[in-house]
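Report on the following structure.
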Amino acid sequence: MAKPTADAMSFPYRSLSPETDLSSVIKLPARQEAELNRVTGVAEPKSVAVPLTQFTRLLMDAAENNRAWLNDFADDLIRIDSDLYDVLLAYQSLRDPVSTS
């Protein structure tokens with residue numbers, strides 16, 4: 001019985017280098033590839049537009065009912081309209097003038 005050669009034993013790895021694009025070597029289903037890209041930070045961040053009334057209603061309900069999943073997003077940044085941000089800051093200063101000093 002012939003012994004495998006070093007070249008034959010390294011076959012799956014011989015063309016791989018740190019610069020190798022693994023997507024050309026490993027074929028994943030599109031959904032798994034998209035999730036992997038999202039988790040590793042390669043993909044563009046996903047965003048959606050929702051009406052403020054829907055967003056606030058759901059967020060208030062989750063906060064009032066102490067939903068644990070809300071804590072998972074506690075450090076996430078959200079993007080809001082600058083006009084809304086100005087209004088929120090003004091409201092905060094009227095509501096609690098001590099905390100804005």
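Can you pull out the residues in the range 72-101 that are surrounded by 10 or more Cβ atoms within 10 Å (Cβ to Cβ) and either among the aliphatic types (A, V, I, L, M) or closer than 27 Å to R31 by Cβ (or both)? Result: F73, I80, L84, V87, L88, L89, A90.
Within the range 45-101, the set of residues being under 26 Å from A34 (Cα atoms) and of a type in the set (S, T, Y) comprises just one member, S47.
Checking every residue in the range 75-97 against the condition of being over 23 Å from the mean Cα position of the chain (by Cα) and part of a loop (DSSP other than H, G, I, E, B) gives at least one match. Among residues belonging to the range 51-65 that are at pLDDT below 95 and exposed (fewer than 10 other Cβ atoms within 10 Å of the Cβ), point out the one that is farthest from the chain's Cα centre (by Cα). Among those residues, the one meeting the criterion is T53.
Is it the case that the range 31-45 has a residue that's at pLDDT below 65, farther than 30 Å from L88 by Cβ and surrounded by 10 or more Cβ atoms within 10 Å (Cβ to Cβ)? Taking every residue of the range 31-45 in turn, none turns out to be at pLDDT below 65, farther than 30 Å from L88 by Cβ and surrounded by 10 or more Cβ atoms within 10 Å (Cβ to Cβ).
Among the residues of the range 62-88, those identified as closer than 20 Å to P51 by Cβ, free of Cβ contacts under 8 Å to residues at least 24 places away in the same chain and not charged (D, E, K, R) are A62, A63, L70, F73, I78, I80, S82, Y85, V87, L88.
The values are calculated or read from the model by the stated rules, or taken from the named source; none is laboratory data. Nothing here was measured: the structure is a model prediction, and the numbers come from that model. Virtual Cβ from ideal backbone geometry, glycine too; neighbours counted across all protein chains shown.
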